[in-house]
């Protein structure tokens with residue numbers, strides 16, 4: 001006599017358990033996997049200005065940043081002969097005052113001309129070697145020393161404090177015998 005062939009399948013509960021286990025494994029495995037999203041650029045501020053421009057995908061060598069309208073609108077120019085194009089990211093440079101240190105080691109506020117009939121509040125050049133125009137910027141939050149070559153921008157209480165730091169750094173370089 002033949003034994004009847006019984007077919008045994010999975011019960012609904014067993015199938016649900018398998019689906020939950022596979023889902024959990026996928027969730028754990030894909031939890032560390034992130035879709036490559038383009039990080040949103042931070043607003044342009046005195047402390048990140050140089051890094052933001054030089055690290056931008058649009059930086060290809062000598063670039064000039066020009067800001068107008070109390071530094072609420074900025075433009076970038078690649079090289080010396082191309083036209084200025086609007087800076088597309090956020091800008092947090094409102095009411096910036098720009099200073100340099102002249103040959104007699106005096107703090108001098110820079111006055112710029114006009115661009116498209118708007119008063120220019122900031123012009124800064126960035127070069128292939130990572131250097132830039134050395135400036136002191138001041139807003140209502142403080143004063144900022146933006147180095148030409150090495151180091152990070154530094155915040156101070158006043159433009160005079162930033163000037164002293166500028167001169168100290170300049171004397172250290174000139175006395176060390178190093179040449180840029």
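Here, each number is a calculation from the coordinates, and none is a lab measurement. Quantities reported herein were computed from a predicted structural model and do not represent experimental measurements. Note that each Cβ is placed from the backbone with ideal geometry, even for glycine, and that neighbours are counted across all protein chains shown.
What the table below lists for this structure:
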item	result
Ordering of 102-113, 45-56 by packing [mean C-beta count within 10 Å, highest first]	45-56, 102-113
Additional length obtainable on full extension of the chain from residue 106 to residue 140, 0.36 nm per residue less Cα span	10.1 nm
Long-range tail of P(r) for the range 49-176 (Cα pairs > 25 Å, %)	24 percent
